[in-house]
Structure formats: structure tokens, C-alpha cells
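Please treat every number below as a calculation from the coordinates, not as lab data. Computed from a predicted model, the values in this text were never measured in an experiment. A quick note on method: Cβ atoms are made from the backbone with ideal geometry, for glycine too, and the neighbour counts reach across all protein chains shown.
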Amino acid sequence: MKPRQSEEQLTSRIQELETEISRYENANKGLTAVEKHYRTLVENTTDVSWKSGLDLRLEYLSPSVMNFMGFAPEELHSLLPKDLFSSKSMQVVTQKLGELLECARSSMGAIPKTVSFEAEVLCKDGSTKWAEVTGAVLRDKNGKALGIYGISRDITHRKTSEKALEEKDQSLFAQTQKLEEISATLRKASMVAGNAVPMLQQYLRITLESMVLPYLDRLLTMSQDVEQTALVSVLRSNMIALLSHVSGQIQDPLPELSSKELEVAWLVRNGETSQNIAQAMNISKRSVDFYRGKLRKKFGLEGPGDSLTDRLAYATLPRRTMANPSD
């Protein structure tokens, strides 16, 4: 028969039990505080925690999904990725989640795999947002795969900024190209103008010498009126002064030419074709084209619209001589 405990023993035992109960109560209070703390973090964070089975159907979503996508967590339970992501993001979603499923089928000894990708999610109001999704395989203590878990972070603002920056870069690139085209046009126009000024000066000189002064001279010899003679004389003097000024301003840009280049230049100036020039100089047509190319380069003619014949028409070419065969 079990001996009866004394009153002191009972009192001591009660005190031990009270101490044990107090310790458990304090521990529960601590656990409750920790649980409340982590619940607050989960419910107020902007990141969405989630878990799915190996069939990829959602089993859990944190309450923050409401702020991100507009859905309550229970509205998304059992949904598949095709119900959550836009069609244009499904390729990368399928590829990355497929890598996780492949990892889930491997043994525990395999290197743990984490995937991360960016995809467009579908919101309740019909809009879309961009999410950075990070996922991994969830296993039990024996290494058996239980499902997939991860975090989805809202990166819509970042993607919008990246798109705006990309559009700005494209706009700047287009503007740069346009400025380069304008610059090239201006350089060409400047070159044409530089070639045109001497040609216009030559044209004015030739016109004054051949089409104005001779007629003024005839008027002087034919006029019987003293006043008319005086007026024509003054006009002729002014024309000569103008001709002298123009002749003094002419800057003939004639480059240094070899004898064969000069011979080709004279024949081109006279309107001869390359075939005729080849026959006249007893050289091949290819050689004529070679000399024509050198002439164009020396006279600064680059574009197909720049006529060598027109340029040579106003050039003061040296006296024409036959080219030396050895030149």
C-alpha cells in the first residue's frame, strides 16, 4: 500500500506544479507575441508569399496579395499559373516552374535549386502588373518534395521606368540619326556651294566678255548721238570694272593634274563618251573610267548627282596637250 504523503510534501508538490504552469504560460505568451509579430509582417508586407502543390495549384497566399493583385487569398486557391500570368509571360513561367518540378523529382542529394524570373500577372480589375518571382522546392525532413514555395515582388514601377528610359533612348537615337543626316546634307551642300561659287564667277566673266562688252563696243561705233555715246561709254567702263573685280575674286580650285588626266578632262569637257575617249587616246575604257574617277575625286565630286562635265565646263584648264604614253 502506497504511503500517505505528508501535508508538507503536498504543499511542495503544488508549488512545483504552479511554477511549471507559470513557466508554460510565459512560454505561450512569448510564442503568441512572436506569432503576432510574424503575422503582422506577413499581412503588411508588399511581397506575396505563396505555396503550391507539385501540380502547381496554389495552396496558400499571404494576405498581401490583396494589395498586389486585388484578389483575396481564397479567390486564388487551386488556380494554375495559366490563370495568374499573362499569355506573353507564359513561356518564361512554364520554363522556370518546369525547372523546379524537375528539381523536385530529383533526390535530396541534388543541389538545391532556386529560380527567379520576371512575369506579368493578371489583376482583378483587368490590369496587369510586373512581378519578380522567386521559387524553390519545399521538402520534408526526409527529403521528399512536398510542393513549391516562393515570394512574388511588385516591380511594376521599375519596369515602367525601364520602359520610359528605353523609349527615351530610342528617341535620342532617332534624333541623333536625324542630326547626322542633316549634318551630312549640310556638308554636301557646303561642298557643292564651294564648287558652285567659282563656276558662277567663271560664268559671269565669260558672259561679260562674250555677250556684253562686244555689243557695247558695237554701240559705240554705231552711235551718232553724243549723249548716247557718253552713256554707252559710262556703261562700258562700269562693265569693265565689274569684270576686273570678278576676275580678281575668282579662286580657281583646279587641282594638279597629270597629262593623261588633263587629256581626259578636255575630252570630257567636250562631251565625249568614255568609249570615244578610249579610242581617241588608244587606251581601254576601264582606264578612262579610272581617270574619270580620279578627276571626280580631285574636283571634290562625291554624289551621283555631281556632274564632272558641268564642273569642267567652268574650270580653267591648262592648254590641251596629248598625254605621254608612259604617264
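Find, to one decimal place in angstroms, the Kirkwood hydrodynamic radius of region 259-313, where the mean of 1/r is taken over every pair of different Cα atoms and then inverted.
Its Kirkwood hydrodynamic radius stands at 11.1 Å.
Just want to confirm a number: the relative contact order over region 46-154, from Cα pairs under 8 angstrom separated by 6+ residues, in percent.
It rounds to 30 percent for region 46-154.
Counting Lys +1, Arg +1, Asp -1, Glu -1, what net charge surrounds Thr134 among other residues with beta carbon under 14 Å of its beta carbon?
So the environment of Thr134 carries a net charge of -1.
Could you work out how much longer the chain between Ser127 and Leu79 gets when fully extended? Use 0.36 nm per residue separation minus the Cα distance between them, nm to one decimal. Spell out each step's value before the answer.
Working: separation 48, 0.36 × 48 = 17.28 nm, distance 1.83 nm.
Full extension of this stretch gives 15.4 nm more.
If each residue's Cβ is checked for other Cβ atoms within 10 Å, how do Trp266, Trp130 rank with the fewest at the top? Kindly include the intermediate steps, with their values, before the conclusion.
On the way: Trp266 17, Trp130 20.
Neighbour counts put them in this order, fewest first: Trp266, Trp130.
Rank by packing, highest mean first: peptides 68-78, 16-26, with packing defined as the count of other Cβ atoms within 10 Å averaged across residues.
The densest-packed peptide leads the list: 68-78, 16-26.
Quick check: residue separation of Lys297 and Met90 times 0.36 nm, minus the Cα distance between them. What number comes out in nm?
68.6 nm
Considering amide H positions built from the backbone, and no H for Pro or chain starts, which residues 5 or more places from Phe85, or on another chain, come under 5 Å of its amide H?
Under 5 Å from the amide H of Phe85: Leu122.
Which order do the peptides 147-159, 269-281 come out in when sorted by mean C-beta neighbours inside 10 angstrom, highest first?
Values: 147-159: 17.5, 269-281: 15.2.
Answer by packing, highest mean first, reads 147-159, 269-281.
So if the hydrodynamic radius of region 46-154 is defined as the Kirkwood radius over C-alpha pairs, what does Stokes-Einstein give as its diffusion coefficient at 37 °C and 0.692 mPa s, in µm² per second? Let's see the in-between values first.
Working: Rh = 14.1 Å.
Estimated diffusion coefficient is 233 µm²/s.
Given a Förster distance of 56 Å, report the FRET efficiency between Gln175 and Asp55 from their Cβ-Cβ distance, rounded to the nearest 0.05.
Efficiency at R0 = 56 Å is approximately 0.60.
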